[in-house]
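Scroll down for the structure; my scribbles are underneath it.
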Amino acid sequence: MNINSKTSIYGIIGHPIGHSLSPLIHNYAFENLDFNSVYVSFDVNEEDLKDAIIGIKALGIKGLNVTVPHKESVIKYLDRISDEAKLIGAVNTIKNNSGSLEGYNTDVTGFMESLKEHNVDVAGKNAVILGAGGAAKAVAVGLALLGVKSIYVCNRSIDKAKELSIHMGNNFNIKSLGISYNDLNMLDEIDILINATSVGMYPNVDVSPIGEDVVAKAKFVYDIIYNPEKTLFLSYAEKYRIKYINGLDMLINQAIDSFKIWTGANFDKKIILNFLKKKDFVK
């Protein structure tokens, strides 16, 4: 990589950010396509978010990904957001369009595509989503667009769970209910169980958002976390021989969409996967 005065800067903001594979993915894509661009990580605390977004314009940064915990709160600092970002209420991609900051959500398409790639049909089924933040919103909308019958939103803050469930009920023709973690014990069977929280993410790998007794009720388990490759949550699914996938495909799919928004170009998912395998990030 030859960085010079004409190098375009892209990046990701979040807190914490040290676990992210996004710099590896995007920098390899830039190199593979011979783009004079670089992608870097910015660890931004919540109280510094406004200043960081102002800095995008001041520094001429071309685009950013947004991760936990800023996907929702970043919206108020942008000049416009896309229709899907409005529907979801969260942004994970920012494009600096000649000083106008545009917000998009590629999490939803990345999530939907990952289900299709693994031949997971959610139509007419019930789903439980753990979490009610920006990622959970994208997952909920993705499930609704794919025809899920009902969604239970489970969150530590029951108010946030109810807020998301009401939003889904108002915008889609599905049953949606906000519940507490204790309420999970009342469900006899779960078709689809998705962890959309950061619980279990590296370095806190010895915790799960729920116990194995609840996981055992599920027919399919999805963890949007990709680092570690198999969380404790997914280990429970493996123990009970339940089909499961982690968040790596969602990560790469959303990265492909973000990359196209910024540059207009595509990169091959297989090339990225092979690269990550060589780096021992994918087994």
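Rule-based calculations on the coordinates, nothing more; no lab input. As the structure is a computational prediction, the values presented were derived from the model and not from experiment. Glycine gets a Cβ as well: all are built from the backbone with ideal geometry, and neighbour counts include every protein chain shown.
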### Message
How big is the dipole moment of the chain about its Cα centre under a simple scheme where the beta carbon of each Lys and Arg is +1, that of each Asp and Glu is -1, and everything else is neutral? Debye, nearest 20, please.
### Response
420
### Task
With springs connecting C-alpha atoms under 10 Å apart, model the chain as a Gaussian network and identify which of 23, 228, 203 has the largest mean-square fluctuation.
203
### Summary
Per DSSP, the loop-located GluC sites (Glu not before Pro) within segment 194-283 having at most 15 other beta carbons within 10 Å are 229
### Message
Need the list of aspartates and glutamates near residue 219 for cross-linking: C-alpha distance under 15 angstrom, and skip anything on the same chain fewer than eight residues off.
### Response
121, 188, 189, 191, 238
### Task
Show which aspartates and glutamates lie in cross-link reach of residue 50 when reach means a straight Cα distance below 20 angstrom and same-chain residues fewer than eight apart are skipped.
72, 79, 102
### Query
Residue separation times 0.36 nm, minus the C-alpha to C-alpha distance between residue 76 and residue 123: what's the value?
13.5 nm
### Summary
Of the listed links 76/217; 125/278; 76/270; 76/162; 86/239, those spanning more than 32 angstrom between alpha carbons are 76/217; 125/278; 76/270; 86/239
### Query
For the chain, with the dipole built from +1 on Lys and Arg beta-carbon atoms and -1 on Asp and Glu ones, taken about the Cα centre, which of 259, 185, 129 lies farthest toward the positive end?
259
### Task
Run the quick spin-label model on residue 230 and residue 281: label points 7 Å from Cα toward the beta carbon, then report their separation in nm to one decimal.
2.1
### Task
Beyond 23 Å between alpha-carbons counts as too far, so tell me which of 71/160; 116/149; 95/175; 116/137 fall in that bin.
95/175
### Task
Report relative contact order for segment 1-54 in percent, whole number only (criteria: Cα-Cα under 8 Å, sequence separation at least 6).
46
### Query
What nm distance separates the two modelled labels at residue 187 and residue 204, each placed 7 Å from Cα along Cα→Cβ?
2.1
### Task
Please give the contour-minus-distance gain from residue 83 to residue 45: 0.36 nm per residue of separation, less the Cα-Cα distance, rounded to one decimal in nm.
11.0 nm
